[in-house]
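Right, one structure below, let's go through it.
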Amino acid sequence: MQFAFLEEQVMLREMLRSALQREAGLDKVRRWAESADLRAFTKIATRNGWSGIGVDEDLGGQGGSLIEQAILFEELGRSCAPSGALLASAALGFTAGFAPTVVEASMECGYALCVSAAHAADAGGDDIREADGKLSGTVRLVLNATAADNLLVPVASGSGIDFWSVPTRGSGVSITPRRLIDMTREFGDVVFSDTPASYVGRVDRPTAERANATLALMVAAESLGLARRMLEMTVSYVSQRVQFGVPVGSFQAVKHAAAEVFVDLEAAHAGVYYTAWALANAEPDGVLHAWICKSFAGEAAVRAADCALRLHGAIGYTWEYDLQLFYKRAKSNLELFGSPRGYRERIASAVLSS
């Protein structure tokens, strides 16, 4: 039974990698990013049903668990695919209890979660005010806001969070695109001015915390995929680049640098998939491990990016070489939905209170 389960995971990984190589190769990713139009990839993801991986079949998904979702995001990272819409979709998973229609719509990548990508997603929407079904306030750096049809807006309310749905093209909504160094994602600043909204439902703080842990895990899994691909690119390059008559990969200092990255990634891999299992099985330490995983995997990917750039030498700094796409994404992921420092503060608080 266990071997059959592992075989299914291997088949999923191979299927995703093959499809991404065929439909979202780096030449296409670069073209989409430079044109500032990532909708082509969102259509590919929707057509292949990737946003339904890990979603219950009763809700129209493909089934599976967070382990399968983590595999998806690791492969997305390995391809440096424009994953913003899929991340936004994954972030809506906690709405399943009270709004299946939102979950179904999110699988078509039609929703964006209206929280700042610069902070943890369970911050609670303290910058948004609601009165008589109308919203006011500003949320900066909302992932996928410029491409979504609807916004799911969290508003802090007592011990829980209320959610409201707003069409992105409705009255009283202004979305200003933000162009960041990582051009493979879309962000926008959202301003509400007495904007009519539809009430969706309410979650308590622990539920929102678990949802944020899931989102943090997916970013960590993507960072792992990015780092693995950068290590592969680097090993290939130093095996071909010749200096003093021998490949530079034969130098001990180069070998040690690559080995240190490899050790980092093996630890990150173990952390990502243990956390996926723990959250999927409602283990009491699941959320804590998600915080650890987000911090460690993000920093491991940045170390891998810095090492890759250093070992590639001058070519690594050029716009034409694809390493720059992975490097920028790794740097972006480090801060996306919570910095390592922020999560370590959470970890410290949890340890001290236990």
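The values are calculated or read from the model by the stated rules, or taken from the named source; none is laboratory data. This is a predicted model, so every value here is computed, not measured. Backbone-built Cβ (ideal geometry, glycine too); neighbour counts: all protein chains shown. Surface areas here come from the heavy atoms of the whole protein model, side chains and all, with no ligands, DNA or RNA. Shrake-Rupley method; radii C 1.70, N 1.55, O 1.52, S 1.80 Å.
Here are some notes:
- Hey, ALA88 modelled with pLDDT under 85, in contact with a strand residue (DSSP E or B) (Cβ under 9 Å, 6 or more places away or on another chain), surrounded by fewer than 24 Cβ atoms within 10 Å (Cβ to Cβ) and not in a loop (DSSP other than H, G, I, E, B) or not: no
- ARG229 falls short on exactly one of the conditions (1) open to solvent by less than 50 Å² (accessible area, probe 1.4 Å); (2) touching a helix residue (DSSP H, G or I) at 6+ places or on another chain (Cβ under 6 Å), and that condition is (1).
- Residues of region 160-219 that turn out to be without any contact (Cβ under 8 Å) to a residue 40 or more places away in the chain and touching a helix residue (DSSP H, G or I) at 6+ places or on another chain (Cβ under 6 Å), as a count: 0
- Of all residues in region 54-84, exactly one satisfies the criterion of being of a type in the set (A, V, I, L, M), in a loop (DSSP other than H, G, I, E, B) and under 13 Å from GLY225 (Cα atoms), namely ALA81.
- Residues located in region 297-327, provided they are under 19 Å from LEU217 (Cα atoms), in contact (Cβ under 8 Å) with a residue 60 or more places away in the chain and within 17 Å of the chain's Cα centre (by Cα): ALA297, GLY298, ALA300, ALA301, PHE326
- The number of residues in region 92-119 being modelled with pLDDT of 70 or more and not polar (S, T, N, Q) comes to 9.
- Residue match in region 37-47 (condition: aromatic (Phe, Trp, Tyr), in contact (Cβ under 8 Å) with a residue 24 or more places away in the chain and either touching a Phe, Trp or Tyr at 6+ places or on another chain (Cβ under 8 Å) or on the phi > 0 side of the Ramachandran plot (or both)): yes
- Annotation for region 26-39: at least one member residue is assigned to a loop (DSSP other than H, G, I, E, B), closer than 19 Å to CYS80 by Cβ, hydrophobic (A, V, I, L, M, F, W, C) and modelled with pLDDT under 95.
- Top-ranked residue of region 196-211 - restricted to ones that are assigned to a strand (DSSP E or B) and under 17 Å from ALA156 (Cβ atoms), ranked as most open to solvent (accessible area, probe 1.4 Å): TYR199
- Leading residue by the ranking (most open to solvent (accessible area, probe 1.4 Å)) among those in region 237-266 that are within 22 Å of TYR317 (Cα to Cα) and not in a helix (DSSP H, G or I): ARG241
- Restricting attention to region 120-135, the residues that are assigned to a loop (DSSP other than H, G, I, E, B), farther than 13 Å from ALA208 by Cβ and modelled with pLDDT of 85 or more add up to 2.
- Test result for GLU283, surrounded by fewer than 19 Cβ atoms within 10 Å (Cβ to Cβ) and either closer than 18 Å to ALA208 by Cα or among the polar types (S, T, N, Q) (or both): yes
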